[in-house]
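Contents: one structure, followed by commentary.
The values are calculated or read from the model by the stated rules, or taken from the named source; none is laboratory data. Bear in mind the structure is a predicted one, so any value in this text is a computation, not a measurement. Quick reminder, even Gly has a Cβ in these numbers, built from the backbone with ideal geometry, and neighbours come from all protein chains shown. Heavy atoms of the whole protein, side chains included, go into the accessibility calculation; ligands, DNA and RNA do not. Shrake-Rupley method; radii C 1.70, N 1.55, O 1.52, S 1.80 Å.
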Amino acid sequence: MRPDHRAHRLYVEASLRADADVVLSPEQSHYLDRVMRAKIGDAVIAFNNLDGEWRGHIAETGRKAVTVHLDQALRPPAPQGRISYYFAPLKQARLDYMVQKAVEMGVARLGAVMTQHTMVSRLNLERMQANAVEAAEQCTMIAVPEVLAEQKLEAMLARRTADEVLVFCDETAPVTSPLQALAAIGPDRPISVLVGPEGGFSDAERALLLAQSNVIVLSLGPRILRADTAAVAALAFVQAVCGDIT
Ligand code: SAH
């Protein structure tokens, strides 16, 4: 899958085109120069959402600035998929994990949702963004998912579009086949997957969610999963029925 296992794969914001010399950020330069001990001529793969994926090589090294010369386009920009992932934020280590895993599972968008039992009041968006970029670099994807600012559950629901399907992961739902439940989603419709906080949704929130139009209540089996596990399980089912795991 990975075009070149030895190449360093980096998300680069600068515009990528043939023969461009791209100066990497101080953090990326430090990483390549000091941590990876990269040498002039080493292969680099650079990508971003607008320009796709490019192959290049290190043209200049230095602790503060490493320059990459781009040689050829490898893959065109990828369309963002139709799956958004909404979740009640968790404490830092689990949140890092959940963001990375959701990116690996191929979501187009990630958004924290504040609920009654959410234990986290402040969110480090930059850190979420950095986790999203790092996961995208590792898993050969081209389009880094968008990271939304946190919002209240009611606000997130109010912003839903008419054709959007809400996949509400509910541990109190009767245990039925997730594959069958998701089969009702037609092609092309945007899909929002929602996982609650460690303390679960309140009764009022559950009632609000069940009253939504176009809602699918998803059971992930007879066990109560931790939220970060529920994220991976739910997204695997959704990708298998409606996405790119086919
Ligand atoms: N209310 C629970 C735990 C919540 S688990 C308690 O404290 O006992 C955190 C979230 O993961 C839930 O809000 C739900 O969205 C999701 N989840 C966990 N297990 C699930 C299951 N078996 N089916 C569907 N969703 C599940």
The range 194-205, subset part of a helix (DSSP H, G or I) and among the charged types (D, E, K, R), residue nearest to the ligand (Cβ to nearest atom): Glu205
Tally of residues being more than 11 Å from the ligand (Cβ to nearest atom) and either among the hydrophobic types (A, V, I, L, M, F, W, C) or part of a helix (DSSP H, G or I) (or both) across the range 206-221: 6
Qualifying residue in the range 53-67 (condition: among the β-branched types (Val, Ile, Thr) and not in a strand (DSSP E or B)): yes
Matching residues in the range 165-188 - criterion: being assigned to a helix (DSSP H, G or I) and open to solvent by less than 80 Å² (accessible area, probe 1.4 Å): Pro178, Ala181, Leu182
Some residue of the range 169-184 being more than 16 Å from the ligand (Cβ to nearest atom) and either touching a Leu at 6+ places or on another chain (Cβ under 7 Å) or touching a residue at least 12 places away in the same chain (Cβ under 8 Å) (or both): yes
Criterion violated by Val107 - all others in (1) open to solvent by less than 10 Å² (accessible area, probe 1.4 Å); (2) part of a loop (DSSP other than H, G, I, E, B); (3) in contact with a Lys or Arg (Cβ under 9 Å, 6 or more places away or on another chain) satisfied: (3)
Count of the range 88-102 residues which are within 20 Å of Ala143 (Cβ to Cβ) and buried (at least 24 other Cβ atoms within 10 Å of the Cβ): 3
Pairs with Cβ under 7 Å, 6+ apart, first in the range 64-84 and closer than 18 Å to Asp19 by Cβ, second open to solvent by 80 Å² or more (accessible area, probe 1.4 Å) and not in a loop (DSSP other than H, G, I, E, B): Val66/Glu60; Thr67/Asp21; Thr67/Val23; Thr67/Glu60; His69/Asp21
Residue in the range 29-46 that is modelled with pLDDT of 95 or more, assigned to a loop (DSSP other than H, G, I, E, B) and closer than 30 Å to Ala149 by Cβ present: no
Set Ile245, Ile224, Ile191: member being more than 14 Å from the ligand (Cβ to nearest atom) and open to solvent by 60 Å² or more (accessible area, probe 1.4 Å): Ile245
Selection within the range 130-164 - charged (D, E, K, R), in contact (Cβ under 8 Å) with a residue 60 or more places away in the chain and open to solvent by less than 80 Å² (accessible area, probe 1.4 Å): Glu137, Glu150
Leading residue by the ranking (nearest to the ligand (Cβ to nearest atom)) among those in the range 231-242 that are touching a residue at least 60 places away in the same chain (Cβ under 8 Å) and open to solvent by 10 Å² or more (accessible area, probe 1.4 Å): Val232
